[in-house]
Amino acid sequence: MPSLKIEITRNLTEVVDINEPMTLGRGKENDIILLDGIVSRHHARVYQEESEILIEDLNSANGMFVNSNRVFLRALQDNDVIRVGNTKIYYSTEIWDSPPKTIDLINNSFEDFDLSDLVNSRDILFRFGSDDESINQIYEITRQKFELVEVSEMERINLDAALNEGIGNAQRHGHKYDTEKVIEFRYIHKPDKLVMRVTDQGDGFDYRAELRRKKEGNAVDEARNRYKQGGYGGLGIMLMLKCVHKVEYNRKGNQVTLTKFLGDEVLKFEEEQRLAAQEDMKNQEEQDNPDIPSPVSTDLEMQGGMEISADDGLDISGGMEISADDGAQDELSMAGGMEISADDDDNRNKGDEDDLGSFVIEPD
């Protein structure tokens with residue numbers, strides 16, 4: 001199903017499936033609400049027409065950009081980058097095929113399956129209960145699968161930590177420790193990446209609230225205590241962001257997808273991140289200095305248009321460090337902090353009657 005991937009940070013996105021027409025804007029009546037002072041109340045809409053997904057500018061004050069070109073109506077293509085105000089949105093036509101192998105541990109036990117087959121399968125779906133015993137069995141199988149991934153030992157520890165948080169969140173937040181509810185875990189090992197998807201049957205995990213908890217500091221103590229007891233938790237989303245390259249939540253919040261790039265794809269990803277950071281810095285400078293003219297685009301749709309600057313929101317780099325040194329495995333240290341604030345005055349459209357400010361996630 002086609003989707004919009006809304007960038008929360010450069011490695012955290014929210015995935016919204018396009019299964020019906022939707023609007024984007026600052027007004028609370030929109031399907032996708034962007035609390036940004038340079039976004040119009042009703043900024044754009046996305047809808048399907050025959051086999052195409054179209055995006056249309058609803059006469060917004062500051063325009064809409066696709067792949068850096070201002071557009072008013074456009075048929076979207078896979079990997080198009082949409083910019084509405086300070087928000088980047090990626091259009092995706094990615095399709096998840098059905099898993100070739102499903103291991104149902106609700107009606108069966110591990111003894112009913114060939115352990116070697118479970119460890120060596122590169123694309124497999126596990127279905128299991130939310131009880132500690134079932135979850136610990138999944139952890140043990142996955143640790144053996146990690147041994148087949150060509151990464152360093154520290155990277156394996158990080159993968160283990162990220163998965164523990166993903167499944168732990170499903171058990172704690174999604175299912176409220178209801179052992180009757182089922183967790184699904186999809187493991188896909190490709191030559192260029194490792195993908196792990198955890199889905200629960202709960203009402204959804206509020207990852208935005210988890211980010212805000214980071215500011216209070218109690219999450220750090222909770223994480224340290226849980227880690228000393230041999231588990232993970234407390235820092236949740238922050239830990240996952242440090243342990244893998246990409247974290248994606250669905251809109252409901254009951255499904256998280258963790259991606260770790262492998263081989264040359266790691267260098268490619270890091271270069272993309274570097275270029276994105278440079279672009280964001282340049283756009284921020286242009287927004288802070290509006291008198292500096294932007295270069296003229298050769299795209300006819302750009303004539304008379306205006307450049308919209310970027311704000312990547314939150315850079316997680318330098319956030320958390322996990323030490324695996326002998327005798328110091330209980331050490332969790334935060335190398336950097338962050339603050340989430342609502343900016344009620346800056347970047348406001350002149351003449352706009354709405355009093356909403358932009359939602360800003362910024363480093364301390």
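The values are calculated or read from the model by the stated rules, or taken from the named source; none is laboratory data. A quick note: this is a predicted structure, and the numbers were derived from the prediction, not measured. All Cβ positions, glycine included, derive from the backbone under ideal geometry; neighbour counts span all protein chains shown. Keep in mind that these areas ignore ligands, DNA and RNA; they rest on the heavy atoms of the full protein, side chains included. Shrake-Rupley method; radii C 1.70, N 1.55, O 1.52, S 1.80 Å.
A few comments on the model shown:
- Amide hydrogen proximity for His245: with H placed 1.01 Å from N in the peptide plane, the residues at 5 or more positions away or on another chain lying under 5 Å are Thr259, Lys260, Phe261.
- Shape call, the stretch 1-152: gyration tensor on alpha carbons, a/c limit 1.5: prolate
- Most to least accessible of Met238, Met154 (protein chains only, probe 1.4 Å): Met154, Met238
- Normalised contact order of the stretch 22-154, rounded percent, pairs of Cα under 8 Å and 6 or more residues apart: 13 percent
- Under 11 Å, Cβ to Cβ, from Arg143 - net charge with Lys/Arg +1 and Asp/Glu -1: -1
- Using θ = phi - 60° in the Karplus curve 6.51 cos²θ - 1.76 cosθ + 1.60, the 3J(HN,Hα) couplings for the stretch 59-69 round to 6, 5, 6, 10, x, 9, 10, 10, 6, 6, 9 Hz; x is entered for Gly and Pro.
- Sum of side-chain charges, Glu52 neighbourhood, beta-carbon under 13 Å (Lys, Arg +1; Asp, Glu -1): -4
- Local electrostatic count, Lys268, Cβ distance below 15 Å [Lys/Arg +1, Asp/Glu -1]: 0
- The stretch 109-176: C-alpha gyration tensor shape, a/c 1.5 cut-off, then a/b vs b/c: oblate
- Cα shape, the stretch 1-80, gyration tensor, a/c 1.5 rule: rounded
- Across the cross-link table entries Lys28/Lys190; Lys181/Lys268; Lys28/Lys260; Lys28/Lys268; Lys101/Lys176; Lys193/Lys252, which are compared at the Cα atoms, the separations over 30 Å belong to Lys28/Lys190; Lys181/Lys268; Lys28/Lys260; Lys28/Lys268.
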